[in-house]
Structure formats: structure tokens, C-alpha cells
Amino acid sequence: MASIGSVTRQIAALEITNNGKKPAGASSSSSSSFRPGHGKQPSQNVSKLLTKFSAPNPFPNTKPAQGSSLRHPTTATNATTHASSSKNSKAQPPGPLDIGTYDGGLEADEEKRGERVTGEAAEDLALDSSVSGKNPTREWTLHDFDIGRPLGKGKFGRVYMVRTKSEPKYILALKTLYKSEIVQSKVEKQIRREIEIQQNLRHPNVLRLYGYFHDEKRIFLMLEFAGKGELYKQLSKYGSFSERRSSRYIYQMADALIYLHGKHVIHRDIKPENLLLGINGELKIGDFGWSVHAPGNRRMTLCGTLDYLPPEMVEGKAHNERVDYWALGVLTYEFLVGAPPFEDRDSVNNTYRRIAKVDLKWPKDRELSPEVKDLITKLLRHDPQARIPLTDAIRHPWILKHNKFRESDA
Ligand code: AMP
């Protein structure tokens with residue numbers, strides 16, 4: 001119970017529905033790390049995945065007294081949010097599940113931002129997982145959490161590390177979104193869609209959305225806590241990654257994309273900024289802002305980040321899930337080189353032009369292996385149909401060279 005790993009496993013129980021039953025088959029299982037067919041098994045339950053990918057006990061010698069060290073140091077009630085916080089709490093040695101110190105950001109925001117939203121937009125944004133779809137969660141409110149350290153700020157609000165007050169104490173990332181700002185940006189439908197997509201996804205490399213609720217002014221998303229933070233920060237810190245590290249990320253990314261495409265979800269905004277790292281350093285796709293749930297649909301909307309746009313989108317043609325194959329090629333290149341392949345910092349038009357011609361140049365100051373050049377070349381094909389299928393990409397020699405798979409998996 002004291003380890004993050006065990007808590008991660010318990011998080012699976014958040015799926016417990018209103019009638020207190022776990023989803024069918026919610027048991028632990030052992031499985032290989034090579035999951036070529038994984039994308040075709042969307043029904044694999046989250047308990048299995050979390051057990052499989054949960055962290056080892058980082059505090060093997062810590063034996064907390066029953067219930068005490070998991071408990072938050074204080075439970076001071078705040079007048080504005082009524083959420084418990086550790087602000088001004090007496091200093092205590094950090095426990096194994098320390099969630100850090102709350103900075104009062106929610107109350108600060110409450111004074112400065114957030115109008116009430118009315119009408120159709122209010123209906124669109126009345127998002128509550130306790131009444132949603134086939135798998136309603138229990139009913140959640142902000143009072144149910146101890147709020148810890150800030151994890152970051154997004155466009156529409158802050159993200160905090162939190163812990164549920166009731167036993168067992170789950171660790172989560174709680175993301176706030178201000179409804180009025182969503183309406184101002186005219187993205188209420190998009191946000192709703194993003195949440196609807198993410199709540200249905202179960203894959204070890206896709207950030208879980210366990211539940212959501214709202215109050216008059218805000219939406220709260222109960223997200224899986226990505227213990228190692230943003231991948232982009234790591235890339236900025238090191239400039240680029242080794243082939244071994246890149247290959248592991250690309251394998252996880254490809255496996256997650258196979259799963260998403262199997263559910264007719266095209267991501268469309270793959271880039272390092274949208275990737276988080278779990279407690280074991282495993283990759284987590286964390287942003288579904290541009291995802292499209294499009295069974296058999298070919299979309300014409302121009303969106304996504306310029307450097308990752310494929311030729312068909314640059315040229316305004318219809319596109320399908322193979323836009324993500326292209327983006328995987330761009331991501332592989334960026335991990336290894338530290339910059340995307342068609343970048344032109346001076347001219348957007350030149351970036352477009354280079355993408356349209358697939359003007360791929362290898363860096364002079366860095367030796368890349370023939371295997372990875374081969375994979376990148378096969379992903380960055382102008383014709384979407386000519387791009388290497390992801391099921392082949394995860395068996396590419398460059399992936400096999402750097403990832404340990406059991407023989408029986410191959
Ligand atoms: P976002 O609004 O998703 O852009 O989140 C803002 C920042 O909060 C991100 O850049 C991350 O640093 C952090 N963050 C968001 N979600 C999580 C999470 N699930 N776990 C850990 N950190 C997160």
C-alpha cells in the first residue's frame with residue numbers, strides 16, 4: 001500500500017461504478033512487454049494494464065503506520081473551494097506518497113478568472129462522469145481531494161497533484177478548465193469531444209482519464225499522474241536522445257497509435273509537447289485536443305503543429321490515420337536530432353514547401369544508424385498509402401535492436 005506502484009494498481013479501482021462493482025475481469029495478469037496485437041484488444045481491462053506497468057516500490061524500507069503516512073498532513077478547509085490543502089501546514093517529513101504543498105492557486109484564480117456560463121454552452125460543458133455513458137463512475141466533487149503541488153498551467157487552468165481523501169488514497173493529477181475561457185475560445189464542442197475520447201481509452205501509453213466533474217465555473221479532469229512530467233522538458237534538457245531511448249519511446253508511441261487507430265481515433269497532434277512520462281519513464285500520450293473520432297471518415301480540417309503536418313494536410317487534401325504515421329517519423333527524427341526534419345525557423349512557407357517535397361536531410365554533425373534512417377524514410381513517404389504500417393514499424397529492425405522482447409512474443 002505504501003508504494004506508488006501499489007497505489008497505481010489501486011487506481012484501477014476508480015473504475016468502480018455506482019453500484020460498487022469492478023468491471024468484469026478486473027484482475028492482475030502478467031504479460032510481455034511486446035504487445036504487437038495489443039491495439040486489437042481494446043477490451044483489455046485497466047487493472048491488468050496498471051498492474052503490468054505499475055512502478056516498483058521506490059521506498060522498499062518504508063513501513064508506514066496503518067493509514068497515517070498516507071494521510072495528508074492537514075485537512076484545513078478553504079473558504080472558497082472547500083478543498084483541503086497542505087498550505088500553511090506544519091512541516092512534516094515527506095511520506096512515500098507526499099503530494100507536495102498546495103500554492104492556493106485555485107482561490108487566486110477564483111478571484112481573477114471565471115464567469116458563469118449559460119445557455120447551450122453551459123449544457124455542453126456540464127460534464128460529469130458519474131452520469132456518463134456505459135461506465136459511470138462514483139460522483140466526485142472538489143471536496144473529495146487533498147490538493148498538493150502545482151504540476152503546471154494549461155491554456156484553460158491549472159493542474160495539481162491530488163490525493164483522494166477517502167481510503168484507499170489515490171494519487172491523481174487534477175486538471176481544471178475554466179468554462180468561460182473555453183467558451184471565449186469557442187472550443188466547447190472540441191473539449192467535450194476530447195474528454196469523451198479520452199475517457200474511453202485504456203492503454204499503458206495513453207494517459208488515463210479516470211473521471212470528471214464540474215461546478216458552476218470549472219470542469220475538473222481526474223487524470224493519471226504522470227510521475228516524470230513532460231517529455232519535452234527532457235528533450236530540451238538533453239538536446240536529443242540516444243537511439244536506444246528514442247527507439248523505446250517510438251515503440252511505445254507506435255503501440256499506442258495502433259490501439260488508437262483500432263478505436264478509430266486519429267491523434268493528429270503528435271509532438272513532444274503533448275507527451276508525458278509515467279513513473280517508470282514510460283511514454284504517455286496526454287493531449288487529445290486535436291483528436292478526431294472518425295470511423296471511416298476522411299477529414300479536411302487543417303490543424304496540428306506545422307512541423308509535424310504531413311504533405312496531404314499541407315496540400316489541403318483529405319487525410320486519414322496515416323497522418324499519425326508521418327508524425328511518428330517526424331518525432332523519431334526530432335528525438336534523435338533535436339529538431340524536426342523540415343523546420344525552417346525563418347519561413348513558414350519554406351517549411352510547407354520542404355514538407356510537400358519531403359526534403360529530408362540527415363544531420364552532418366550526428367551519425368544516425370542505417371536502421372533508423374530506413375525507418376524514418378519509410379514513415380516519411382509523400383503517399384500516405386506507401387508509409388510503413390505501424391504493425392510493421394513495431395517489428396522494424398531498429399525497434400527490435402533496442403527493445404527487449406521475449407522470443408515467444410516475436
Ligand atoms: P496541460 O493543460 O495539459 O497543458 O497541462 C499543463 C501542464 O501540467 C503540463 O505541461 C504538465 O507539466 C502538467 N501536467 C498535465 N497533466 C499532467 C499529468 N497527468 N501528470 C503530471 N503532470 C501533468
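Remarks
- The set of residues in region 179-224 being more than 14 Å from the ligand (Cβ to nearest atom) and of a type in the set (G, A, S) consists of S180 alone.
- Condition met for Q234 (free of Cβ contacts under 8 Å to residues at least 40 places away in the same chain and surrounded by fewer than 23 Cβ atoms within 10 Å (Cβ to Cβ)): no
- Across region 111-127, the qualifying residues are those that are assigned to a helix (DSSP H, G or I) and free of Cβ contacts under 8 Å to residues at least 12 places away in the same chain, and the one among them that is nearest to the ligand (Cβ to nearest atom) is K112.
- Complete set of residues in region 128-171 that are part of a loop (DSSP other than H, G, I, E, B), touching a Phe, Trp or Tyr at 6+ places or on another chain (Cβ under 7 Å) and within 13 Å of the ligand (Cβ to nearest atom): F156, G157
- Sole residue being crowded, with 18+ Cβ neighbours inside 10 Å, in contact with a helix residue (DSSP H, G or I) (Cβ under 9 Å, 6 or more places away or on another chain) and over 24 Å from S129 (Cα atoms), chosen from Y160, Y251: Y251
- Residues that are among the aliphatic types (A, V, I, L, M) and closer than 13 Å to V330 by Cα within region 265-281 comprise just one, I270.
- Of all residues in region 172-183, those satisfying the criterion of being surrounded by 22 or more Cβ atoms within 10 Å (Cβ to Cβ) and assigned to a helix (DSSP H, G or I) are K179, I182.
- Tally of residues being outside any helix (DSSP H, G or I), more than 16 Å from the ligand (Cβ to nearest atom) and more than 19 Å from L400 (Cα to Cα) across region 226-264: 4
- Some residue of region 339-349 being polar (S, T, N, Q) and surrounded by fewer than 16 Cβ atoms within 10 Å (Cβ to Cβ): yes
Readers should treat all values here as calculations from the given coordinates under stated rules, not as data from a laboratory. These numbers come from a predicted model, not from an experiment. Methodologically, a virtual Cβ is constructed for each residue, glycine included, from the backbone with ideal geometry; neighbour enumeration extends over all protein chains shown.
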